[in-house]
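For reference, the structure discussed in these notes is given below.
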Amino acid sequence: MGSELYDTSTDTVIWGIADVGWLTKAWLRRKGLASLHLTPEERTGDYRRVQARRLLQTPVWSPFLRGIEPYTRLVALAQATAAHHDAVMTFPYDWRLPVAVNAQRLAGEARTHLHNWLSNPAQTHARRQAIEDRPARLVFIAHSMGGLITNAALTLGGDSDLAADTRGILTLGTPFEGSVVAANILNALQGSPLPLPHTSLAAAAATMPAVHELLPRFQCLEDGLDVRRLMASDVDAIGGDKELFTRAQDFYTALYARPLPPQQPVVGVRQDTVQSLTITHGVVRASEYCFLTNANRELICDPNGVPRRMPTWGDGTVHRLSAALSTPTIPVAAQHGALASNKRALPLIEDFLLDHDALIRGPEQGDDGIGLTVPDFVTPNSRWECAVTGTDDPAEVELSVAAADGTWSSEQFSFDVADDDRLSTQVTLPDVGLYRVTAKAAYGPEVTQIVFAGPDESSLKHLAED
């Protein structure tokens, strides 16, 4: 959801506006997300209606996925690090569509970009100044689903030479093995009672191939004493589309049948992240632990035959093991939507662009850092819990909450010890809007998350009926 989407049939932006009025209409009216649903024409391959015109310019919010920060810091860093700003290409894409569709587009645009850069006088000048006199190659910096699209572009994109013309890939929180959050999204229509934004997203997601491609592909479904992968019948039971799920599995079979290019995964850590689930009468119950497997991916059980559970955390959306296609990984304590703008991740990206192999390919760094857990949807003037994990010392943590538009902020919070390695405080927000919660410890990086404060129940009912 990191690209702004524009509907050519109505001449309107349908995703990527931070305006409070737009957010309220989009999420709190029953048909507010209707334009994001795939039409019958789009389901059969006609993708002309919606255009991805640019990367996000402002923070946005979505249920389950919470806040998504813009890529302005990352793009500015790349432009400042490269030999010339012409060397940098951004790739916005329609994130509703199949990965393979966007991968073919990326392969074509990356090839054109490399061709243009190689003929650019700035490239010739930079090449003369370099230690090695060699032509430029491609470097991909890919956040979330962008990592899947990049790998598919280099293997299935129709350009057999593109991988050889690529120097490196750095992924940030890419769900190589999917995410249980996708199952939660699809199940919101028929699971436990949830606010209107959650059910609105579920209705749109059920039409989207991309959401089905993000469903977990690892052993995560508890079925008695067995733990297995999701099947088409499970996806149908929780509100998904069996056909879209089957197509997704066929796509990954083709993708992982080929050797993928070498890459460096940056993984989010220390954040509470769902990693497994049960399905009872069509209702998903997600849990924050996964299951131990051996080198052959066989379950490791205790003497009584019970599969062994293990919490691995993650970035709040993608658990750590799913984001680690290869090792070593570089862990960063950050939420998924903020990983590409994280103050610890940005220097790693800069070094990768500059080809500083010693840091990137060195031993895996430690897990020092804190986690941040907040609701994804709240109402103004109501108290809600904000939790910080990874410490039980209130003196070590500073917390601030600020409106995304800069009109309000507060740092007056005191923590209580909620449990081992967990602190808790109460927060109240003054008005409807997007708010950025920032937690900083005496060690490790700061962690941020976006919260949406929507209208109260009476206003919500009025909007839903409009």
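Just so you know, all these numbers are worked out from the coordinates, no wet-lab data involved. This one's a predicted model, so the numbers in the text were calculated from it and none came from an experiment. No Cβ is skipped: glycine too gets one built from the backbone with ideal geometry, and neighbour counts run over all protein chains shown.
Decide, for region 23-169, between rounded, prolate and oblate: order the square roots of the alpha carbon gyration tensor eigenvalues as a ≥ b ≥ c, take rounded if a/c falls under 1.5, and otherwise choose prolate if a/b is larger than b/c, else oblate. Because a/c hits 1.5 or more and a/b exceeds b/c, region 23-169 counts as prolate.
Mean silhouette area of region 155-288, derived from the convex hull of its C-alpha atoms and averaged over all directions, reads 9.7 nm².
Counting neighbouring beta carbons within 10 Å and listing from fewest to most, the residues LYS25, LYS343 come out as LYS343, LYS25. Put in line by how crowded their Cβ is, counting other Cβ atoms within 10 Å and starting with the fewest, HIS37, HIS319 read HIS37, HIS319. Looking at the chain alone, DSSP beta bridges between its own residues are antiparallel in about 75 percent of cases. Shape of region 371-465 from its Cα gyration tensor (a ≥ b ≥ c, root eigenvalues): rounded if a/c is under 1.5, otherwise prolate when a/b > b/c, or oblate? Cα axes put region 371-465 in the prolate bin. For the chain, the alpha-carbon radius of gyration amounts to 0.97 times the rule-of-thumb value 2.2 N^0.38 Å expected for a compact globular protein.
In region 51-120, one over the average inverse separation of all distinct C-alpha pairs is 14.0 Å, which is the Kirkwood hydrodynamic radius.
By the count of neighbouring beta-carbon atoms within 10 Å, fewest first, LYS31, LYS440 end up ordered LYS31, LYS440.
Packing here is the average count of other Cβ atoms within 10 Å per residue, and on that basis the peptides 309-315, 344-350, highest first, run 309-315, 344-350. The count of lysine pairs in the chain whose Cα atoms are under 27 Å apart, excluding pairs fewer than 8 places apart on the same chain, comes to 4.
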